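**Q** Structure below; questions to follow.
The values are calculated or read from the model by the stated rules, or taken from the named source; none is laboratory data. Everything quoted here is computed from the prediction, not taken from an experiment. Positions of Cβ are backbone-derived with ideal geometry, glycine not excepted, and every protein chain shown enters the neighbour counts.
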Amino acid sequence: MKRKGTKKVTAEAVTRCLSKNLGRNQIKDREIAESHYFHADGTFTAIDRARDLVEKKGYSKGSMQRDYPIAIAEGELYISKWGNLGSDVSRIGGVILPDPDFREGGALVLFFK
């Protein structure tokens, strides 16, 4: 039976996702308020569930760009893909990270304080 939904997120999982993600240097010092991990049980299933969670919490999400983080921010906003954020990355409310990729891998959602 495949797992659905979130699992308990360990510090090890966060470290693993941050260590191998493109764009990690811009977010490595942000304090995490809440985190959720979604297992994949098919193509793009984890990222789809992660996006659903973000929307249910009232956040907007940026566009996907390969295996870069996806920026999220509270409210209804247009958020650019990661490579175009520039200095705006300091204003985001969190990220969705691939583990190891969005296609067949898991997704880690981090909400920042």
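**Q** Whether any residue in segment 68-77 is of a type outside the set (Phe, Trp, Tyr) and closer than 18 Å to Arg16 by Cα is what I want to check.
**A** yes
**Q** Would you be able to say whether some residue in segment 70-80 is touching a helix residue (DSSP H, G or I) at 6+ places or on another chain (Cβ under 6 Å), at negative phi and touching a residue at least 40 places away in the same chain (Cβ under 8 Å)?
**A** no
**Q** Which of the residues spanning segment 40-49 are of a type outside the set (Lys, Arg) and over 17 Å from Asp67 (Cβ atoms)?
**A** Asp41, Gly42
**Q** Also, quick follow-up: Have a look at Ala71, Ala50 and point out the one that is over 17 Å from Lys28 (Cβ atoms), within 11 Å of the chain's Cα centre (by Cα) and surrounded by 14 or more Cβ atoms within 10 Å (Cβ to Cβ).
**A** The unique qualifying residue is Ala50.
**Q** Enumerate the strands (runs of 3 or more DSSP E) found wholly within segment 32-113, keeping only those where 1 or more residues are over 20 Å from Thr15 (Cα atoms).
**A** Counting at least 1 such residues, we get 59-61, 70-74.
**Q** Right, here's the next one. Just give me the residues in segment 70-102 being in contact with a Pro (Cβ under 8 Å, 6 or more places away or on another chain) and at pLDDT below 90, in sequence order.
**A** Within segment 70-102, just Trp82 meets the criteria.
**Q** Which members of segment 74-94 meet the condition of being surrounded by 17 or more Cβ atoms within 10 Å (Cβ to Cβ), under 26 Å from Thr43 (Cβ atoms) and either touching a Phe, Trp or Tyr at 6+ places or on another chain (Cβ under 8 Å) or of a type in the set (S, T, N, Q) (or both)?
**A** Listed by number, the residues that qualify are Trp82, Gly94.
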